[in-house]
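Remarks on the structure that follows.
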Amino acid sequence: MSSQQSIVIVGGTAGIGRHLAERLAKRGDEVVITGRDQARTQAIAKEIGGRTRGVGFDLAEPEKIAGRLSDVAKVDSLVLAAIERDNNTVRDFDIKRAIRLATLKLVGYVETVHVLCPRLTANASIVLFGGQARERPYPGSTTVTTVNGGVTSMVRTLATELAPIRVNAIHPGIVGDSPTWSGKAEVLKNAIARTPTKRLATMEDCTGAALFLMENQGVNGVNLVVDGGWTIL
């Protein structure tokens, strides 16, 4: 993939999404980042700099997505990196939180693709973000595990329906330098002990994996795990 691409990163205001936006802006790409709050998203776009601009909308309100993305003219890559934490068990089930997360990923992701589909270029790619809770559930991950499993299947159906547009997903495990894990040294220590590489994945690792999926024209319909091999233990 050459430089000067037009890339949309949904969930580009924090974490891996922002890290990826910063990398792309630095190399000269035109980057649209999205977040729930318009003013905050625009401020972060200004911090990232380059040819970055911010658009505010909430994936959990999918009926508003089309209007908010109406001025995006061309898309070479679409990255759906928005995630939301949810601690929800079967025995103590919060219906509102579950509906929000399921809507965000299983409806909001697809609606974003639907809206931008006519603007995808001939060699465009789509990268979805899931997570390894799909394979490694934990107490409270009922909804997270379910929706990330849905992302796994979403990759296959979108790759079929949108061909020749490529569709892939990245499923990070514990990302050691993510703000999510700040102050959880004991949890990280235990995770490192169970990881064959003896190091946790980093945001840079995940950004590199996302770029690979965006740019390698031979990769399609893949659910790529980035967790240092934890699943083989």
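The values are calculated or read from the model by the stated rules, or taken from the named source; none is laboratory data. Because the structure is a prediction, the values reported are computed rather than measured. Here the Cβ positions follow ideal geometry from the backbone for every residue, glycine too, while neighbour counts run over all protein chains shown.
So here's what we get for this one:
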{"item": "Qualifying residue in region 119-136 (condition: hydroxyl-bearing (Ser, Thr, Tyr), at pLDDT 95 or above and on the phi < 0 side of the Ramachandran plot)", "result": "yes"}
{"item": "Test: ILE192 is under 21 Å from GLY15 (Cβ atoms), modelled with pLDDT of 95 or more, surrounded by 15 or more Cβ atoms within 10 Å (Cβ to Cβ) and in contact with a Gly (Cβ under 9 Å, 6 or more places away or on another chain)", "result": "no"}
{"item": "LEU101 being in a helix (DSSP H, G or I), in contact with a Ser or Thr (Cβ under 6 Å, 6 or more places away or on another chain) and surrounded by 15 or more Cβ atoms within 10 Å (Cβ to Cβ)", "result": "yes"}
{"item": "Test: residue in region 65-84 that is buried (at least 16 other Cβ atoms within 10 Å of the Cβ), over 21 Å from VAL167 (Cβ atoms) and among the polar types (S, T, N, Q)", "result": "no"}
{"item": "Residue match in region 95-103 (condition: aliphatic (A, V, I, L, M), over 18 Å from THR34 (Cα atoms) and free of Cβ contacts under 8 Å to residues at least 12 places away in the same chain)", "result": "yes"}
{"item": "Answer residue from region 17-34, given it is small (Gly, Ala, Ser) and touching a strand residue (DSSP E or B) at 6+ places or on another chain (Cβ under 6 Å) and is farthest from MET214 (Cα to Cα) among those", "result": "ALA25"}
{"item": "Enumeration of residues in region 111-133 that are closer than 17 Å to ALA159 by Cα, surrounded by 15 or more Cβ atoms within 10 Å (Cβ to Cβ) and either touching a residue at least 60 places away in the same chain (Cβ under 8 Å) or out of contact with any helix residue (DSSP H, G or I) (no Cβ under 7 Å at 6 or more places or on another chain) (or both)", "result": "THR112, LEU116, CYS117, ARG119, LEU120, ALA124, SER125, VAL127, PHE129, GLY130"}
{"item": "Qualifying positions in region 15-54 - hydrophobic (A, V, I, L, M, F, W, C) and either crowded, with 18+ Cβ neighbours inside 10 Å or in contact with a Leu (Cβ under 8 Å, 6 or more places away or on another chain) (or both)", "result": "ILE16, LEU20, ALA21, LEU24, ALA25, VAL31, VAL32, ILE33, ILE44, ALA45, ILE48"}
